[in-house]
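Please read the structure below before turning to the comments.
Derivation of every value follows stated rules applied to the coordinates shown; laboratory data play no part. Keep in mind that what you see is a predicted model, and the values were worked out from it rather than measured. Every residue, glycine among them, receives a Cβ derived from its backbone with ideal geometry; neighbour counts consider all protein chains shown.
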Amino acid sequence: MSLEKKIVVLSGAGISAESGIKTFRDGGGLWENHAIEDVATPEGFRRNPDLVYRFYEERRKQLLDPSIKPNAAHKALVALENACHENFLLITQNVDNLHERAGSKNIIHMHGELLKTYCQSCNFEPMEGATQLHFGISCPSCGTLNSMRPDVVWFGEIPKMMEEIEDAIQDVGIFIAVGTSGQVYPAASFVRWAKHAQPECRTIEVNLIPSSGASYFDEHCTGPASETLPKLVDVLLKS
Ligand code: OAD
């Protein structure tokens, strides 16, 4: 079957929580012991590249651990995409690769990707996963010292592919936000952009608990995403 309305899904850290990757803002989150301004800002990187390198290498090691695998929520989105074909876009704030590993294809990593790196000086992008970041590393292309960085969007930087995101939201029929706290902009605004562009658009929040932006959504699926999202997808596919 093929769903005719365009479906845009925004995912956040909560979708990967049950795969073993810690969220940002829940208890024991990723930033525990690290102030955001130290590890997720250009200023923090300039101040202490060694700390930032070690922080992201730890995250990369964790992601590559064989115990970290896509869960039923990631897989449910693949089933939805397979039914919708080009009428489906997944926008993720996550820097992990679990959506791709589950089989998602039409995906935008608006906050970048943990396994990718680039040179701040010449924009050289080595093959994914090819560069281990550590203090004293030089860009393999231009030779600049400590200019390689993780390809993640830090606070104060502009998220990726915003034009494509804005275009997709213009004609959205169903907008689903899964596992995101709604505290980081512009992603937190997408639900309002969707309603503004398409007042008839259905907006659905899938979260363990109602997020701080819950009131902007028409419908709520409350509970662990690995249980609630497959059920929601089943309902959408039968509708
Ligand atoms: P947060 O850590 O802010 O929020 C995670 C959300 O997931 C919370 O609302 C939880 O209630 C929910 N959650 C946790 N476990 C869940 C589960 N099993 N099922 C469903 N929901 C669950 O993460 P994000 O909203 O993704 O940005 O954070 C947004 C951005 O803030 C991140 O992309 C990152 C961070 O700073 C950058 O790195 C630029």
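The table below gives the values:
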quantity	calculated
Ranking of TYR53, TYR185, TYR118 by count of other Cβ atoms within 10 Å, fewest first	TYR185, TYR118, TYR53
15 Å beta-carbon shell around ARG149, net charge (K/R +1, D/E -1)	-2
Set of lysines near LYS231 by C-alpha distance (under 18 Å), chain-local residues within fewer than 8 positions excluded	LYS75
Candidate lysines for bridging to LYS6, where Cα separation is under 18 Å - those fewer than 8 sequence places away on the same chain excluded	LYS105, LYS195, LYS238
Local electrostatic count at LEU232 - Lys and Arg +1, Asp and Glu -1, tallied over other residues with Cβ under 12 Å	-1
